[in-house]
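Worksheet: the structure to be examined is printed underneath.
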There are 2 protein chains.
Amino acid sequence: MLVGGIEAGGTKFVCAVGDTSGKVVDKICFPTRDPETTLDEVQHFFAKYEISAIGVGSFGPIDLRRDSNTYGTILNTPKTKWKHYDILGRLERDFSVPVFITTDVNAACLGEYKYGAGKDVNSCLYITIGTGIGAGFVHDGIIFQGKNHPEMGHIFVPQHKDDDFKGVCPYHGNCLEGLASGPAIEQRYGKKGHLLSDDQQVWELEAFYIAQAIVNYTVMLSPERIILGGGVMKQERLYELIRKYFMKQMNEYVHVGNIDEFIVAPKLGDHQGIVGAFGLVDGVD
Amino acid sequence: MLVGGIEAGGTKFVCAVGDTSGKVVDKICFPTRDPETTLDEVQHFFAKYEISAIGVGSFGPIDLRRDSNTYGTILNTPKTKWKHYDILGRLERDFSVPVFITTDVNAACLGEYKYGAGKDVNSCLYITIGTGIGAGFVHDGIIFQGKNHPEMGHIFVPQHKDDDFKGVCPYHGNCLEGLASGPAIEQRYGKKGHLLSDDQQVWELEAFYIAQAIVNYTVMLSPERIILGGGVMKQERLYELIRKYFMKQMNEYVHVGNIDEFIVAPKLGDHQGIVGAFGLVDGVD
């Protein structure tokens, strides 16, 4: 049984055909343009295959309230052409197969949970730290979702005593995303993170913030494992630093077991989103 | 069908007999002593009734990992005689009926969700602000629980620029519980909260911290309603102040609808815990 997966990102779309074991048969990647042109390209790619269902991890915010008239519609977004665009409706019309939709980071979390770094646990939180910060939580095979979907990157965390940076979040200034996303690093130091590789202080501060967020996530969600991905986490030294600050800040209040197995890197490179989209079709297990 | 409910607190036990509609038939309250003496008193109270099951909301931390050998056992607690006490096992031996156990704040949340201020919504977070700070989350009739249970009162929140209080949490110092619990108020100002009723600044600062925590809870859990209870919330002006700071801090990033229906007072006085214990028996609905 072939299924379709779509990683609908704000800058690029990835479409793939594969199966619910996570195997990819064919894949394409193209830039995100206006909705109709982009979805025409999606249609063109999948037309070659007989697919039985489609899973979508979409950029957002997106309406995921099951009882809503606009379920599956993009909500407020700076990408004005996509505002209020009914991506789910268009896909259902094009393909006449069941379409399952969630957020991009939820799909990525499901991908790691089913096929990657969360395969051996009952619950995991996947955090992506890049242009923005977001997190998805899968528990007993089910993607956690409240009334709509969480926006975990926007939690408030205490600012480091030596850091007076105002933050880059247009809504909150110095929320986590405002203090620790890729653009926050760039604006604080005047250059992009990968050009700051040698500056230990940059990564100590970054780890301090991420660790605080992980303490908050842990006392709130009690996950079995935390998987850290996204562009900023390409700085591999961050894993050790984050573990160090987490242990200091948590101070053994909640026992998380072996820290090296609690805070980990993704196992699926950059493919967790697309196989997670396949995983949506598979449902829970 | 009569059921038993137990609110197993660190300072007092409440036992009640009633039904799963939330009706209380008989009730008793006594101080918490050593485990065996206390549980003897529990046994004595229920012996008069034919109960078909018991629900328990217990102080903690408590082992709620379903696959654990010590499921239903009190974990580390400053009350040394209760440390590692198998409260679930003792109740099962005494009564030979099914016993359902969760944390005190989870039971209180379930009580408000089923019979009180959360009756008309699909998900609610109940936060108690008193000697400690804790929160429970019920979603679609199910009590949220991760690997073990959350400890949401221990999240980190940014400290107010004019507040240099070190906090009273023995683990984290200035986590939410360290900054905003009843003992934090007492230690910061040198007297108990109810003696500070007229001091507007005390409650502005308190509301500032609680609101920040609610922003974090909201972006993480996306609840439909937030119910604030516990001793500190007896200061009724706090509700309006918390709503004011919440709106300012959230800055319309997540739309929560009518704020007066989003952040509310409990509807069950101090009975949410005991009827929530009845509710545990009823299961989900």
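The values are calculated or read from the model by the stated rules, or taken from the named source; none is laboratory data. Quick caveat, the model's predicted, so the values are computed rather than measured. Heads up, the Cβs are rebuilt from the backbone with ideal geometry, glycines too, and the neighbour counts pull from every protein chain shown. Please note that ligands, DNA and RNA were not included when accessible areas were found on the heavy atoms of the full protein model with its side chains. Shrake-Rupley method; radii C 1.70, N 1.55, O 1.52, S 1.80 Å.
If you go through the range B:1-11 and keep only what is at pLDDT 95 or above and either within 17 Å of the chain's Cα centre (by Cα) or at positive phi (or both), you end up with B:Gly5, B:Ile6, B:Glu7, B:Ala8. Evaluated against (1) at pLDDT below 95; (2) touching a helix residue (DSSP H, G or I) at 6+ places or on another chain (Cβ under 9 Å); (3) open to solvent by 50 Å² or more (accessible area, probe 1.4 Å), A:Lys234 falls short on exactly one condition, (1). Here the condition is being modelled with pLDDT under 95 and either within 14 Å of chain B (Cβ to nearest Cβ) or open to solvent by 20 Å² or more (accessible area, probe 1.4 Å) (or both); of A:Gln201, A:Gln159, A:Gln145, A:Gln187, it holds for A:Gln145 alone. Residues in the range A:26-57 that are in contact (Cβ under 8 Å) with a residue 24 or more places away in the chain and assigned to a strand (DSSP E or B) were compared, and the one that is surrounded by the fewest Cβ atoms within 10 Å (Cβ to Cβ) is A:Lys27. If you scan the range A:238-275, which residues turn out to be within 11 Å of chain B (Cβ to nearest Cβ) and on the phi < 0 side of the Ramachandran plot? Selection gives A:Lys248, A:Gln249, A:Met250, A:Tyr253, A:Val254, A:His255, A:Val256, A:Phe262. Among B:Val138, B:Val121, B:Val105, B:Val97, which is within 24 Å of B:Pro35 (Cβ to Cβ), in contact (Cβ under 8 Å) with a residue 24 or more places away in the chain and outside any helix (DSSP H, G or I)? None of the others qualify; the one that does is B:Val97.
Taking interchain pairs and intrachain pairs at least six residues apart, which have beta carbon atoms under 8 angstrom, with the first residue in the range A:141-166 and outside any loop (DSSP other than H, G, I, E, B) and the second open to solvent by 60 Å² or more (accessible area, probe 1.4 Å)? So the pair list comes out as A:Ile142/A:Val284; A:His154/A:Tyr171.
So that you can scan it fast, the table gives a plain yes or no per residue for (1) open to solvent by 10 Å² or more (accessible area, probe 1.4 Å); (2) under 17 Å from B:Val215 (Cα atoms); (3) of a type outside the set (Val, Ile, Thr); (4) not assigned by TED's automatic domain parsing to the domain that holds B:Ile74:
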| position | (1), (2), (3), (4) |
| --- | --- |
| B:Asp94 | yes, no, yes, no |
| B:Thr131 | yes, no, no, yes |
| B:Ala135 | no, yes, yes, yes |
| B:Asp140 | yes, no, yes, yes |
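Output the residues belonging to the range A:74-91 that are farther than 17 Å from A:Thr11 by Cβ and surrounded by 16 or more Cβ atoms within 10 Å (Cβ to Cβ). Result: A:Leu75, A:Asp86, A:Leu88, A:Arg90, A:Leu91.
Taking interchain pairs and intrachain pairs at least six residues apart, which have beta carbon atoms under 8 angstrom, with the first residue in the range B:214-237 and under 16 Å from B:Asn251 (Cα atoms) and more than 10 Å from chain A (Cβ to nearest Cβ) and the second of a type in the set (A, V, I, L, M) and open to solvent by less than 10 Å² (accessible area, probe 1.4 Å)? So the pair list comes out as B:Ile214/B:Ile127; B:Ile214/B:Ile226; B:Ile214/B:Ile242; B:Ile214/B:Ile263. Of the listed requirements (1) part of a helix (DSSP H, G or I); (2) in contact with a strand residue (DSSP E or B) (Cβ under 8 Å, 6 or more places away or on another chain), B:Lys81 misses just one: (2). Selection over the range A:1-20 of residues that are free of Cβ contacts under 8 Å to residues at least 60 places away in the same chain and surrounded by fewer than 19 Cβ atoms within 10 Å (Cβ to Cβ) gives a count of 4.
Anything in the range A:96-128 that is open to solvent by less than 10 Å² (accessible area, probe 1.4 Å), of a type in the set (S, T, N, Q) and touching an Asp or Glu at 6+ places or on another chain (Cβ under 7 Å)? List them, or say none. Passing the criteria: only A:Ser123.
Okay, residues lined up against (1) open to solvent by 30 Å² or more (accessible area, probe 1.4 Å); (2) more than 14 Å from every other protein chain (Cβ to nearest Cβ); (3) modelled with pLDDT of 95 or more:
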| position | (1), (2), (3) |
| --- | --- |
| A:His154 | no, no, yes |
| A:Pro170 | yes, no, no |
| A:Glu177 | yes, no, yes |
| A:His194 | yes, yes, no |
| A:Tyr209 | no, no, yes |
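Among the residues of the range B:70-95, those identified as modelled with pLDDT of 95 or more and among the polar types (S, T, N, Q) are B:Thr70, B:Thr73.
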